[in-house]
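Chemist: Structure incoming, see below.
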Amino acid sequence: MIPPSFKKGIIDFLKKPIPTNLGIVPQSIPVLFFGDIEQAEYATISINPSNREFEDKLGALLETGFKRFVDRDNLEVPDIDSLSEYQAEKVYDSLCKYFDKRPYRLWFNKIDNVLNSKRISYYDKSLLHLDITPYATGKKWSELNPSEKSALIKAGEDFSMKIIEEGRIKTLFVCGTEALTYVENYIASIGMQSLEHEKHPGYYIKTGKIGNCKIIGWSRYLQGKGGVPDGFKETILKLI
């Protein structure tokens, strides 16, 4: 279990209206975490949730039977209004049960398939996913300008790092160059460990610590097209 005071902080954040003029998906909710925050001892972190967590390919909100979370559309609450305590609790519960329902497997399974050899998995509640900002945007992160990115990160109030600093997470896996740069520049001093690979010399891994939480970060998405060399994956697993 997480401390009641920490859960209250999560609930209070979930109650807040959706920030305006930041391109956030309408009627969405801030995804402060994916998975069972009350049990997980490991976490992955990337940039921000995909709009596909809330919308279909054409940009329409997912219908009720296909939703991955309890969102503002479910709750019939306008983006400019605050949620009630009861409504925020329902959102919290849907975040905890994300991997029990309809997770975005195209993204999550490629990481899970690597880490589950160490008995670390989103699907057994040992692994949680976090994002640097909890807000899904209509545009891809790469299409946003620096000021838009900065505003979205500020709006997230560093909540992912508050979860890390709460102390339950033993190891944080940082996914991709931009997330790794953020963690390294703003959170912790991480010493770089290079991985030499004959065909992919640009791949690298960095390790470090935030308090008692170990950090293992990599420059290349494990979800990248064409996959990642086996030697790269093996190096990650040996560091755990």
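None of the figures in this text is laboratory data; all of them are computed from the coordinates on show. Computed from a prediction, not measured in an experiment: that's the story for all the values here. Neighbour counts run over all protein chains shown; Cβ positions are idealised from the backbone, glycine included.
Chemist: Could you pull out every residue, at least 5 positions away or on a different chain, whose amide H is within less than 5 Å of the one on residue 171? Hs are placed 1.01 Å off N in the peptide plane, and Pro or chain starts have none.
Modeler: Placed amide hydrogens put 43, 214 under 5 Å from residue 171.
Chemist: A further question follows. If I take all pairs of Cα atoms in the stretch 96-173, what percentage of them are more than 21 Å from each other?
Modeler: Summing the P(r) of the stretch 96-173 above 21 Å gives 41 percent of all pairs.
Chemist: Can you give the calculated 222 nm mean residue ellipticity of the chain, where each DSSP H run of n ≥ 4 adds -39,500 (n - 2.57) and the sum is split over every residue, rounded to the nearest 500 deg cm²/dmol?
Modeler: That comes out to -8500 deg cm²/dmol.
Chemist: Antiparallel versus total DSSP beta bridges in the chain: what percent is that, nearest 5?
Modeler: Percent antiparallel among DSSP bridges in the chain is about 50.
Chemist: Quote the relative contact order of the chain in percent (integer), defining contacts as alpha-carbon pairs under 8 Å separated by 6+ residues.
Modeler: Reported as a whole number, the value is 25 percent.
Chemist: Please compute, for the alpha-carbon atoms of the stretch 1-82, the extent along each of the three principal axes and give them in descending order in Å.
Modeler: In descending order, the Cα extents are 38, 26, 25 Å.
Chemist: Run the numbers for residue 166 and residue 38: contour at 0.36 nm per residue of separation, minus the present Cα-Cα distance, in nm.
Modeler: 44.9 nm
Chemist: Additional query: When the convex hull of the C-alpha atoms of the stretch 4-239 is computed, what volume per residue in Å³ does it have?
Modeler: 124
Chemist: Still on this structure, I have one more. Full-extension gain between residue 140 and residue 189, please, as 0.36 nm times their residue separation minus the C-alpha to C-alpha distance.
Modeler: 14.8 nm
Chemist: How far apart, in nm, are the 7 Å Cα→Cβ label points at residue 11 and residue 106?
Modeler: 3.6
Chemist: Suppose R0 equals 22 Å. What FRET efficiency, 1/(1 + (r/R0)^6) with r the Cβ-Cβ distance, do residue 117 and residue 221 give to the nearest 0.05?
Modeler: 0.75
Chemist: Could you give the size of the charge dipole of the chain about its Cα centre, using +1 on the Cβ of each K and R and -1 on the Cβ of each D and E, expressed in debye and rounded to the nearest 20?
Modeler: The dipole of the chain has a size of about 620 debye.
Chemist: Measure up 16/149; 154/206; 97/139; 101/206; 140/209; 170/238 against 22 Å on the Cα-Cα distance and list the ones that go over.
Modeler: Where the Cα-Cα span goes over 22 Å, the pairs concerned are 154/206; 97/139; 101/206; 140/209.
Chemist: Along the positive direction of the dipole of the chain (beta-carbon charges: Lys, Arg +1; Asp, Glu -1; about the Cα centre), which of 231, 9, 164 reaches farthest?
Modeler: 231
Chemist: By average Cβ neighbour count within 10 Å, what is the ranking of 83-94, 156-167 from highest down?
Modeler: The packing order, highest mean first, is 156-167, 83-94.
Chemist: Below 13 angstrom from the Cβ of residue 8, what's the summed charge of the other residues (Lys, Arg +1; Asp, Glu -1)?
Modeler: Net charge around residue 8: -1.
Chemist: Could you work out how much longer the chain between residue 86 and residue 21 gets when fully extended? Use 0.36 nm per residue separation minus the Cα distance between them, nm to one decimal.
Modeler: 20.7 nm
Chemist: Still on this structure, please answer the following. Kindly write out, for the stretch 46-60 in residue order, the coupling ³J(HN,Hα) from the Karplus curve 6.51 cos²θ - 1.76 cosθ + 1.60 (θ = phi - 60°), rounded to whole Hz, with x marking Gly and Pro.
Modeler: My calculation for the stretch 46-60 gives 9, 8, 8, x, 6, 4, 5, 5, 10, 10, 8, 4, 8, x, 8 Hz in order.
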